[in-house]
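First up is the structure itself, then whatever we jot down about it.
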Amino acid sequence: MRTSPPPHPLQVPAPELSRWAASTDGVRYVHERVADTEGPEVLITALVHGNEYAGALALDSFLRGGLQPRRGRITAVFCNISAFATFDPQSPDSSRFVDEDFNRVWAPAQLDGTRRSAELARAREIRPFVERATHLLDLHSMHEPCAPLLVTGLLPRNIAFAQSLGTASQVVADQGHADGVRMRDYGHFGDAAGSGIALLLEAGQHWELSSVQTSRNVLMRFLVRAGVLDRSDVPFGWLLPDVSPPAPVEVTHRVVARSMEFEFAQDFRGGETIRHAGTSIAHDAGEPVRTPYDNCVLVMPSIRQLRPGVTTVRLGRRMLAAPAVV
Ligand SMILES: [Zn+2]
């Protein structure tokens with residue numbers, strides 16, 4: 001059996017978050033900033049996965065900065081704090097969750113059911129904040145050093161919102177996961193007739209400095225675009241230059257490992273466009289894995305969690321036109 005690759009180095013240390021444990025609304029690690037004027041209900045979440053602390057560093061720094069919304073409310077939540085509490089720099093890949101993936105428990109039947117786990121308990125605490133949010137930005141990062149992504153689901157309003165942020169992040173429209181519902185796909189966020197905006201940022205490798213910078217940039221741009229802040233409110237040093245993002249990619253296929261012998265043909269980093277249909281991009285159980293169509297885009301290749309049944313890369317098509325900004 002193959003051994004898993006060595007962990008990537010920790011360019012930035014894990015944040016010290018205990019100061020945020022106590023909160024005014026009684027739910028641990030949940031903090032609200034409220035304006036005098038009515039406005040959007042913006043929810044920013046970090047540490048949905050316990051070892052993905054780039055987003056937590058950005059959120060910690062946002063809270064410490066004391067910035068107040070001009071309109072509406074900003075709620076900041078450090079989600080899977082029990083998993084984060086087990087973070088060990090000697091084994092940094094092992095604190096993703098305690099009992100199960102926090103980002104697969106968001107079906108109402110799961111949340112309303114009687115099953116118990118550390119993640120379900122925390123999701124049940126956070127659920128009211130998710131339900132009241134008009135805008136959700138969920139800050140994640142990736143196993144491998146990959147170009148950043150904004151994951152939107154398939155609704156045009158989310159794709160357009162992500163595209164309008166003016167960041168270098170590749171907008172990825174995908175269908176969610178067969179093995180459980182993500183927080184960003186919860187309830188009203190998945191309603192085609194609704195207006196809720198929910199984005200999931202994959203900022204780059206978990207512990208790289210650039211992932212923290214990407215998280216900070218996207219966080220502030222999201223707050224401005226949602227309308228709780230004006231651009232002139234953003235403190236110096238948070239924003240990266242405006243970028244015209246590449247055309248969105250719609251995920252059409254997931255490549256699922258069939259064996260422990262799965263191996264990519266090259267050191268793919270994500271975002272590569274494979275020109276010809278039928279190109280072999282990997283081998284699995286002695287068979288080539290081929291691209292299904294011309295100009296196929298690779299999204300988040302990784303074999304770090306390799307076992308049969310795990311997604312190793314998503315395949316997508318560039319959308320010819322992004323939906324209009326609403
Ligand atoms: Zn994650």
Handout entry: Count of segment 93-108 residues which are open to solvent by less than 30 Å² (accessible area, probe 1.4 Å), touching a strand residue (DSSP E or B) at 6+ places or on another chain (Cβ under 9 Å) and either among the acidic types (D, E) or in a helix (DSSP H, G or I) (or both)
Key = 2
Handout entry: Members of segment 15-40 that are in contact (Cβ under 8 Å) with a residue 12 or more places away in the chain, of a type in the set (D, E) and surrounded by 10 or more Cβ atoms within 10 Å (Cβ to Cβ)
Key = E32
Handout entry: Flag for V326 being aliphatic (A, V, I, L, M), at pLDDT below 95 and more than 19 Å from I159 (Cβ to Cβ)
Key = no
Exercise for the section: Evaluate the following for H188: is it open to solvent by 40 Å² or more (accessible area, probe 1.4 Å) and in the same structural domain as R104 (by TED's automatic domain parsing)? Expected result: yes
Exercise for the section: Those residues that are modelled with pLDDT of 95 or more and part of a loop (DSSP other than H, G, I, E, B), I need them from segment 25-50; list them, please. Expected result: V27, R28, Y29, A35, D36, L47, V48, H49, G50
Problem - Pair list, Cβ under 8 Å, 6 or more apart: segment 270-289 residue outside any loop (DSSP other than H, G, I, E, B), other residue of a type in the set (S, T, N, Q) and surrounded by fewer than 19 Cβ atoms within 10 Å (Cβ to Cβ) - result: T273/N295; I274/N295; I281/Q266; D284/S259; P288/S280; V289/S280
Exercise for the section: Examine segment 165-183 for a residue that is touching a His at 6+ places or on another chain (Cβ under 9 Å) and touching a residue at least 12 places away in the same chain (Cβ under 8 Å), and state whether such a residue exists. Expected result: no
Practice task
Tell me, yes or no, whether segment 109-116 has at least one residue that is closer than 18 Å to V181 by Cβ, aliphatic (A, V, I, L, M) and surrounded by 14 or more Cβ atoms within 10 Å (Cβ to Cβ).
Solution key: yes
Exercise for the section: Could you please find all residues in segment 144-155 being within 16 Å of the ligand (Cβ to nearest atom) and in contact with a helix residue (DSSP H, G or I) (Cβ under 9 Å, 6 or more places away or on another chain)? Expected result: P145, P148, L150, V151, T152, G153
Practice task
Taking only segment 191-212 into account, find how many residues are farther than 21 Å from M319 by Cβ, away from the ligand (no atom under 16 Å from the Cβ) and buried (at least 20 other Cβ atoms within 10 Å of the Cβ).
Solution key: 1
Problem - Identity of the residue in segment 154-185, closer than 18 Å to A107 by Cβ and assigned to a strand (DSSP E or B), that ends up least open to solvent (accessible area, probe 1.4 Å) - result: G180
Practice task
Take V251 and decide whether it is β-branched (V, I, T), touching a residue at least 60 places away in the same chain (Cβ under 8 Å) and not in a loop (DSSP other than H, G, I, E, B).
Solution key: yes
Handout entry: Test set (1) farther than 19 Å from T312 by Cα; (2) in a loop (DSSP other than H, G, I, E, B); (3) in contact with a strand residue (DSSP E or B) (Cβ under 7 Å, 6 or more places away or on another chain) - A147 fails condition number
Key = (1)
Problem - Subset of segment 104-143 (residues that are within 16 Å of the ligand (Cβ to nearest atom) and out of contact with any Phe, Trp or Tyr (no Cβ under 9 Å at 6 or more places or on another chain)) - result: R104, V105, I126, D138, L139, H140, M142, H143
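The values are calculated or read from the model by the stated rules, or taken from the named source; none is laboratory data. Just so we're clear, the structure is a prediction, and the values are computed from it rather than from any experiment. Neighbour counts are summed over all protein chains in view; Cβ atoms, including those assigned to glycine, are modelled from backbone coordinates with ideal geometry. Heavy atoms of the whole protein, side chains included, go into the accessibility calculation; ligands, DNA and RNA do not. Shrake-Rupley method; radii C 1.70, N 1.55, O 1.52, S 1.80 Å.
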